Amino acid sequence: MTLASEMATTTAGRSRELAVAVVGVLVVAGLVAASVLLGAQTLAPAQVWHALASPTGTEADLIVTGVRLPRTLVAVSVGAALAVSGVLLQAVVRNPLAEPGLLGVSAGAGFAVAAGYVLLGLTSYRDTLWLSLVGTVVGVVAVLGLTRAGGGRAGAGVGDGPVRLVLAGVAVAAVLSAATSAVSMLSPRGFAQLARWSAGTFAGRELPVALTTLVAVGLGVVLALALAPGLRLLALGDDTARGLGTRVGLVRGLALLAVVVLCGAATAAAGPVAFVGLVVPQVLRLLLGHDPGRLLRGSLLAGPALVLVADLVARTVIAPAEVSVGVVTAFVGAPVLIALALGHPRRLR
Amino acid sequence: MTSATSATAGVTGTTTVTSRPARAARRARGALVTAVSLAVLLGLVVVGLTAGEVRVPLPDVLDALLGRATGGSAVVVLQWRLPRVLLAVLLGAALGLSGALFQVVTRNPLGSPDILGFTTGASTGALLVMLGGLSGGAAGAGTGGSGGAVAPASMAATTGGALVGGLATAVLIWLLLVRAGARGPRLVLVGIGTTALLNAVNVLLVTRADERAALRAALWGAGSLNGVAAAWVAPTALAVGVLGVAVVVLARSARVYELGDELSAALGVDTGRFALAAMAVGVALVAVATAVAGPIAFVALAAPQIARRVWRTGTVPFAATALTGAVLLLASDVVAQRLLAPTILPTGLVTICLGGAYLAWALTRHRR
């Protein structure tokens with residue numbers, strides 16, 4: 001590729017990214033508005049403005065500040081966190097299928113939270129956050145350890161490359177979620193609290209919870225964006241990256257740290273939600289190409305958009321009851337996984 | 001328990017014996033392994049009948065079995081424990097055979113009904129019947145403490161639902177893969193995706209149901225032998241027996257099928273027809289197990305491969321797989337009842353742990 005053509009594609013890529021960003025901002029803004037206005041009781045924009053600008057404690061004010069706003073904030077944070085986690089994991093293990101849910105990382109958080117609730121009696125949101133972070137570390141270590149234990153090139157039909165990692169994730173998720181269920185059966189009280197948490201709905205999260213989540217996710221996102229140049233070099237292969245002066249281990253380690261913060265905070269707020277980290281980067285790659293920096297920035301809009309839509313569907317599809325957001329994302333994500341499996345002959349063989 | 005431990009000691013003792021390649025020695029080893037496995041199974045049956053919240057000594061168990069006992073211990077042994085033990089053996093064998101058939105058809109050690117989504121599909125079908133009110137009492141299947149109140153007719157309806165769900169999943173996967181013509185890692189990924197999708201459907205179905213039905217469905221959905229009734233043993237035995245005969249009939253063609261499409265054609269085996277028949281029988285076996293006990297994962301995945309390694313056969317051995325499946329499920333059920341006693345875990349949880357551990361072991365094993 002000549003310098004001129006490279007510059008041309010970069011400029012084209014930039015204007016394309018700008019266009020995607022403008023559309024993305026508009027879509028997310030529209031969805032945020034819908035998320036605040038729609039629900040069991042439909043509100044008028046004037047009521048929302050009243051609640052935000054000069055609340056006087058009317059019913060609509062309470063709905064906006066006590067229910068809709070926290071819920072929307074959580075949805076935005078969780079969407080951004082999971083999508084960015086997906087981009088980071090995929091860059092770290094160089095596997096287009098890496099995703100917190102599929103790899104069993106969320107299941108690790110689920111197990112730690114269950115154990116904390118039932119065995120230690122910790123149920124406050126702050127405890128949940130810490131437990132979730134610890135559990136995410138357990139999940140990451142388990143799945144990467146398992147993938148590595150057999151060596152990069154394993155054989156004998158157990159699958160290698162992308163599939164191997166997913167299988168390791170299936171194994172980790174299976175054991176951890178079974179352990180979660182077993183632990184939760186030890187105490188009826190813990191079971192009830194756990195059921196509320198792991199239902200994966202955004203209902204009933206209060207404003208402080210939403211703000212804490214937003215701050216934690218913000219920290220993770222800043223770290224992720226700072227790592228973008230390193231991840232770009234990592235994509236060239238470990239040796240090349242090292243030759244160009246990248247500290248490969250450090251970049252990987254920090255990226256995994258960001259995944260832990262993001263995924264831990266998201267899971268603490270919303271319970272395990274799968275497939276966001278798979279779907280968003282895949283779709284963005286079609287729009288923006290493979291640059292990790294662009295994918296990370298794009299994820300900040302596309303992740304919230306997907307989760308906001310999923311939450312809107314979750315609270316309306318069987319209203320007045322709610323279905324978990326994870327169920328809605330699975331309906332979107334599982335077909336994407338199947339399509340990926342059928343569509344990439346070379347990458348997945 | 002003593003016979004079980006001595007039997008395991010026997011397994012470790014025999015593994016070093018057969019180094020001579022002579023066919024007679026191999027056959028002797030096979031017979032020995034079979035005998036040891038049967039002893040393990042018997043030991044587990046004894047544990048299953050004697051141990052529990054009420055301990056029944058072995059002589060009392062024998063009295064009850066021979067019809068010489070009356071009163072408490074007879075009820076405990078004959079009404080509670082014997083059906084559970086028998087069903088664990090039958091369903092374990094059924095799941096193992098189903099896994100063996102699918103692994104042969106897909107020529108892939110991971111091509112089991114749990115990974116490919118048939119087990120989840122069967123529970124989708126069963127849930128539709130249980131929650132959809134297609135038959136009033138069907139939701140009683142597999143719930144704790146429902147006793148013998150469940151009519152066999154509702155069991156049949158649930159089995160039908162499970163069968164339709166499993167077959168529909170099989171057709172879906174078949175269509176997806178015939179287009180792509182893939183049997184390797186792709187098949188596994190499509191299966192994982194299908195499983196995730198159907199799991200979401202199942203959660204949606206349970207969330208939509210009213211609270212009581214949802215609770216029953218959730219208990220059933222964990223995969224448990226807690227609520228099985230004595231009345232289910234005979235129909236289950238009949239179904240598994242008939243399907244077992246079908247497996248025996250298919251076994252000969254299976255050996256040829258494993259040689260590849262071209263050789264099979266040369267030897268007069270129509271691979272397409274064999275694959276369809278084997279998948280139909282495999283789905284039926286899963287459907288029976290799912291209808292009785294809910295989704296019991298990973299026995300079908302692990303049993304054929306464990307049997308292949310323990311018996312040291314090159315191909316998946318059907319009879320040995322049935323035996324291994326029975327041992328696995330009965331052992332899981334004993335663990336589920338005793339591990340956190342007095343809390344009784346769903347059997348499915350224990351098999352998931354076992355299966356996850358097996359998968360992890362399989363992944364780390366091929367280190368080069």
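All of the numbers you see were taken from the coordinates with simple rules; none came from a lab. In this text, all values refer to a predicted model and were calculated from it rather than measured experimentally. Methodologically, a virtual Cβ is constructed for each residue, glycine included, from the backbone with ideal geometry; neighbour enumeration extends over all protein chains shown.
When only the Cβ of Lys, Arg, Asp and Glu is charged (+1, +1, -1, -1), the dipole of the protein assembly as shown relative to its Cα centre reaches about 2000 debye. Cβ-to-Cβ counts within 10 Å put A:Cys263, B:Cys353 in ascending order as B:Cys353, A:Cys263, the fewest first. Taking R0 as 56 Å, what's the FRET efficiency between A:Val283 and B:Thr313 from their Cβ-Cβ distance, rounded to 0.05? In this case the efficiency is close to 0.75.
A helix-only calculation puts the protein assembly as shown at -24500 deg cm²/dmol for mean residue ellipticity at 222 nm, using -39500 (n - 2.57) for each DSSP H run of at least four residues, averaged over all residues.
Computed from the C-beta positions of A:Leu52 and A:Ala319, the FRET efficiency with R₀ = 25 Å rounds to 0.50.
Backbone geometry of the stretch B:69-84 corresponds, through the Karplus equation with coefficients 6.51, -1.76 and 1.60 at θ = phi - 60°, to 3J(HN,Hα) couplings of 9, 10, x, x, 5, 5, 5, 4, 6, 7, 8, 9, 8, 4, x, 4 Hz, x marking Gly and Pro. The phi-based Karplus calculation (6.51 cos²θ - 1.76 cosθ + 1.60; θ = phi - 60°) puts the 3J(HN,Hα) values of the stretch A:46-53 at 4, 5, 5, 4, 4, 5, 7, 7 Hz, whole numbers, x for Gly and Pro. Here the Karplus curve 6.51 cos²θ - 1.76 cosθ + 1.60, taken at θ = phi - 60°, turns the phi angles of the stretch B:154-170 into couplings of 5, 4, 4, 5, 4, 4, x, x, 4, 5, 4, x, x, 5, 4, 4, 4 Hz, with x standing for Gly and Pro.
For chain A, the relative contact order comes to 29 percent (Cα pairs under 8 Å, sequence separation of at least 6). Put a dot 7 Å past the Cα of B:Arg338, heading toward its Cβ, do the same for A:Leu122, and the two dots end up 3.4 nm apart. Distance between the 7 Å Cα→Cβ label points at B:Thr34 and A:Thr42: 7.2 nm. Counted residue by residue at 0.36 nm each, then reduced by the alpha carbon distance between them, the extension gain from A:Leu18 to A:Val141 reaches 40.6 nm. Label-to-label distance, B:Leu276 versus B:Glu262, with points set 7 angstrom from Cα along the beta-carbon direction: 2.5 nm. Which shape class applies to chain B: rounded if a/c is under 1.5, otherwise prolate when a/b exceeds b/c and oblate if not, where a ≥ b ≥ c are the square roots of the Cα gyration tensor eigenvalues? Judged from the Cα gyration tensor, chain B comes out oblate (a/c at least 1.5, b/c at or above a/b).
Projecting the Cα atoms of B:Leu267, B:Val36, B:Gln305 onto the charge dipole of the protein assembly as shown, computed from C-beta unit charges around the Cα centre, puts B:Leu267 farthest toward the positive end.
Computed extension gain for A:Thr11 through A:Ala235, at 0.36 nm per residue and net of the alpha carbon distance, reaches 78.5 nm.
Determine, from the Cβ-Cβ distance of B:Val75 and A:Leu186 and an R0 of 30 Å, the FRET efficiency 1/(1 + (r/R0)^6), rounded to the nearest 0.05. Result of the calculation: an efficiency of 0.55. Put in line by how crowded their Cβ is, counting other Cβ atoms within 10 Å and starting with the fewest, B:Asp210, A:Asp238, B:Asp333 read B:Asp210, A:Asp238, B:Asp333.
The ranking of A:Arg68, A:Arg315, A:Arg148, A:Arg232 by Cβ neighbour count inside 10 Å, starting from the fewest, reads A:Arg148, A:Arg232, A:Arg68, A:Arg315.
Note on chain A: with a GNM built from Cα contacts shorter than 10 Å, the maximum mean-square fluctuation among A:Ala270, A:Ala171, A:Ala19 falls on A:Ala19.
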